[in-house]
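Some notes on the structure that comes next.
The values are calculated or read from the model by the stated rules, or taken from the named source; none is laboratory data. Just so we're clear, the structure is a prediction, and the values are computed from it rather than from any experiment. With ideal geometry, Cβ positions are generated from the backbone for all residues, glycine too; neighbour counts draw on all protein chains shown.
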Amino acid sequence: MPATIGQDDVKSCISFPDDPFFSKLLAVANQRGKATVICEKADCIQADYNQLLHDVHALRQSIQSRLQNNLLDDNGIVKEEGFYIVVLVQGGYKFLVACIAIIAIGAAVVPLSK
């Protein structure tokens, strides 16, 4: 069964793969949901755990919608091992969100620098 987190001000639940990484991330988010997890002054980005998980969930859905249906199983996880997705973004919040979203669909991250 996938791990889930509820958000106080949002009536939805987000589910992630039943994996130790996501279980730990969700446990911390449940304990410290409103605590700032990242603050990037240069890009004016400040996000708490709840925002991070919602951004990851949104990007994961966007990635899944762009992949061919035959590549994903019924849970939206990549069927084949060795599936890579390239990330070309400067390190920081957007990179973190992209990496977690890609891992959440069972793919491997290939980070490239600008």
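Counting only residues that are surrounded by 10 or more Cβ atoms within 10 Å (Cβ to Cβ) and part of a strand (DSSP E or B), the range 87-114 holds 6 of them.
One residue is enough: does the range 83-98 have a residue meeting the conditions among the basic types (Lys, Arg) and at pLDDT below 90?
No, the conditions are met nowhere in the range 83-98.
Reported count of residues in the range 28-47, each being hydrophobic (A, V, I, L, M, F, W, C), farther than 15 Å from residue 94 by Cβ and out of contact with any Leu (no Cβ under 7 Å at 6 or more places or on another chain), is 2. The residues of the range 42-64 that are surrounded by fewer than 16 Cβ atoms within 10 Å (Cβ to Cβ) and not in a strand (DSSP E or B), listed by number, are 42, 43, 44, 58, 61, 62.
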